[in-house]
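Notes follow the structure.
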């Protein structure tokens with residue numbers, strides 16, 4: 001493709017079609033037991049209850065039906081292609097977690113509104129303040145929020161491995177292609193049959209729901225004539241006490257306390273507990289991982305196929321090496337498959353917006369030259385239209 005001018009939707013579809021023609025999607029070994037689903041372009045509904053016996057059959061289907069979004073089920077079924085859920089005969093499901101940056105305290109979004117009469121602005125409003133029409137709302141996650149999401153992902157992986165004992169080799173982590181991260185734990189047949197209630201208990205543990213200071217020995221207790229002193233968490237403790245000790249090491253505490261937590265100072269009097277008793281609630285909050293509860297307790301969830309494209313951004317649902325989570329850096333180069341430049345006309349003016357390391361300013365109705373991956377992102381977000389691309 002050298003120069004090409006098409007209606008914006010056809011151009012985006014063609015870019016997606018080219019990507020899928022060469023893409024290597026990552027499927028589970030038991031993909032024949034999974035339900036597949038796609039959301040086509042120009043449709044708000046999914047085509048569901050698809051099943052494939054061969055990878056080539058899936059590739060052929062995608063070739064004929066370019067997806068805006070592409071999914072398979074976290075669940076395994078005896079008959080995944082049947083429409084009636086009971087008739088599918090559920091066999092179990094992976095344990096799935098979703099971390100969305102907009103769920104993390106302190107994360108900010110750039111909020112934009114557009115109305116059908118051409119008015120627009122920034123902020124979160126459902127009704128146009130100029131003409132009263134219903135607005136279309138757009139949000140762009142700040143890059144710093146993705147960094148915070150990655151920190152949450154690191155904490156979650158640590159909990160699953162250290163507290164629950166899951167094997168690191170059974171855990172896969174992915175950038176969602178939009179504003180967060182997914183983590184999949186492949187379970188053996190027995191654990192895979194956990195129901196929603198059992199998965200709810202895992203969620204409660206991760207979120208710290210029902211956590212009691214007394215059970216963690218974080219407050220002094222008096223029972224009759226006996227008195228049990230609170231104990232500062234140490235790095236060689238287990239469960240939530242270990243998590244709290246790690247969080248204490250991340251904040252500004254004195255060297256004596258730090259050395260106690262890492263085990264270089266022997267336990268002493270209760271005076272050392274006085275150093276943290278006022279900040280324990282804050283540290284517990286810091287130790288929580290903010291996951292989307294609904295995703296984890298759902299035993300029949302549709303999840304994005306790794307290395308598919310997220311139709312909200314045009315970015316790849318990219319696998320991240322679990323051993324290299326701390327050095328993963330979301331960037332346009334690593335997450336967008338589209339190379340080249342584009343002529344892009346925005347429907348709204350934006351100033352100093354940062355997207356995947358690119359700081360951009362756009363003037364409404366003026367044609368700008370942008371990297372193709374960035375232009376695709378902006379068009380799928382509803383900011384404007386690509387009018388020409390060059391490679």
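Here's the yes/no breakdown for (1) part of a strand (DSSP E or B); (2) within 21 Å of residue 304 (Cβ to Cβ); (3) in contact with a strand residue (DSSP E or B) (Cβ under 7 Å, 6 or more places away or on another chain):
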| site | (1), (2), (3) |
| --- | --- |
| 59 | no, yes, no |
| 63 | no, yes, no |
| 68 | yes, yes, yes |
| 83 | no, no, yes |
| 86 | no, no, no |
| 98 | yes, yes, yes |
| 102 | no, yes, yes |
| 105 | no, no, no |
| 112 | yes, no, yes |
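Scan region 130-138 and tell me whether some residue there is modelled with pLDDT under 90, within 14 Å of the chain's Cα centre (by Cα) and under 25 Å from residue 303 (Cβ atoms). No: region 130-138 contains no residue that is modelled with pLDDT under 90, within 14 Å of the chain's Cα centre (by Cα) and under 25 Å from residue 303 (Cβ atoms). When you go through 72, 77 one by one, which is the residue that is under 24 Å from residue 294 (Cα atoms), under 23 Å from the mean Cα position of the chain (by Cα) and either in the same structural domain as residue 317 (by TED's automatic domain parsing) or in contact (Cβ under 8 Å) with a residue 12 or more places away in the chain (or both)? After ruling out the rest, the residue left standing is 72.
In region 98-106, the count of residues that are exposed (fewer than 13 other Cβ atoms within 10 Å of the Cβ) and either on the phi > 0 side of the Ramachandran plot or in contact with a helix residue (DSSP H, G or I) (Cβ under 6 Å, 6 or more places away or on another chain) (or both) is one or more. Selection over region 179-193 of residues that are in contact (Cβ under 8 Å) with a residue 12 or more places away in the chain, outside any helix (DSSP H, G or I) and surrounded by fewer than 16 Cβ atoms within 10 Å (Cβ to Cβ) gives a count of 1. When both residues are 6+ apart or on different chains and their Cβ atoms are under 6 Å apart, which pairs have a first residue that lies in region 208-232 and is part of a loop (DSSP other than H, G, I, E, B), and a second that is surrounded by 13 or more Cβ atoms within 10 Å (Cβ to Cβ) and modelled with pLDDT under 60? As it stands, the answer is 229/270, since those pairs meet every condition given. Do we find a residue being under 24 Å from the mean Cα position of the chain (by Cα), surrounded by 14 or more Cβ atoms within 10 Å (Cβ to Cβ) and either part of a helix (DSSP H, G or I) or not assigned by TED's automatic domain parsing to the domain that holds residue 301 (or both) anywhere in region 29-50? There is at least one residue in region 29-50 that is under 24 Å from the mean Cα position of the chain (by Cα), surrounded by 14 or more Cβ atoms within 10 Å (Cβ to Cβ) and either part of a helix (DSSP H, G or I) or not assigned by TED's automatic domain parsing to the domain that holds residue 301 (or both). Looking at residue 156 and the list (1) at pLDDT 95 or above; (2) assigned by TED's automatic domain parsing to the domain that holds residue 299; (3) surrounded by 15 or more Cβ atoms within 10 Å (Cβ to Cβ), which single condition is not satisfied? The single condition residue 156 does not satisfy is (2).
Can you find even one residue in region 284-292 that is within 28 Å of residue 93 (Cα to Cα), out of contact with any strand residue (DSSP E or B) (no Cβ under 9 Å at 6 or more places or on another chain) and surrounded by 15 or more Cβ atoms within 10 Å (Cβ to Cβ)?
Checked region 284-292: at least one residue is within 28 Å of residue 93 (Cα to Cα), out of contact with any strand residue (DSSP E or B) (no Cβ under 9 Å at 6 or more places or on another chain) and surrounded by 15 or more Cβ atoms within 10 Å (Cβ to Cβ).
Counting residues that are closer than 23 Å to residue 14 by Cβ and in contact with a helix residue (DSSP H, G or I) (Cβ under 7 Å, 6 or more places away or on another chain), which strands (runs of 3 or more DSSP E) fully inside region 268-357 reach at least 2? First the steps, then the outcome.
Values: elements: 302-304, 341-346, 350-355.
Result: 341-346.
On the stretch given as region 129-143, residues that are part of a strand (DSSP E or B) and crowded, with 17+ Cβ neighbours inside 10 Å total 3.
Taking the condition over 30 Å from residue 379 (Cβ atoms), at pLDDT 95 or above and in contact with a strand residue (DSSP E or B) (Cβ under 8 Å, 6 or more places away or on another chain), does residue 74 pass? Write out each step before concluding.
Numbers: over 30 Å from residue 379 (Cβ atoms): yes; at pLDDT 95 or above: yes; in contact with a strand residue (DSSP E or B) (Cβ under 8 Å, 6 or more places away or on another chain): yes.
Yes.
The single condition from (1) in the same structural domain as residue 47 (by TED's automatic domain parsing); (2) surrounded by fewer than 17 Cβ atoms within 10 Å (Cβ to Cβ) that residue 305 fails is (2).
Residue check: residue 166 meets all listed conditions (1) part of a loop (DSSP other than H, G, I, E, B); (2) over 30 Å from residue 348 (Cβ atoms); (3) at pLDDT below 95 but one, namely (3). Checking each residue in region 213-237 for being at pLDDT 80 or above and out of contact with any helix residue (DSSP H, G or I) (no Cβ under 8 Å at 6 or more places or on another chain) picks out no residue at all.
A quick yes/no check of all residues on (1) crowded, with 20+ Cβ neighbours inside 10 Å; (2) touching a residue at least 40 places away in the same chain (Cβ under 8 Å); (3) over 21 Å from residue 70 (Cβ atoms):
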| site | (1), (2), (3) |
| --- | --- |
| 309 | yes, yes, no |
| 326 | no, yes, yes |
| 338 | yes, yes, no |
| 346 | yes, no, yes |
| 352 | no, no, yes |
| 358 | no, no, yes |
| 361 | no, no, yes |
| 375 | yes, no, yes |
| 383 | yes, yes, yes |
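Residue 125 meets all of the listed conditions (1) touching a strand residue (DSSP E or B) at 6+ places or on another chain (Cβ under 6 Å); (2) modelled with pLDDT of 90 or more; (3) surrounded by fewer than 19 Cβ atoms within 10 Å (Cβ to Cβ) but one, namely (2).
The values are calculated or read from the model by the stated rules, or taken from the named source; none is laboratory data. Please read all numbers here as calculations on a predicted model, not as lab measurements. No Cβ is skipped: glycine too gets one built from the backbone with ideal geometry, and neighbour counts run over all protein chains shown.
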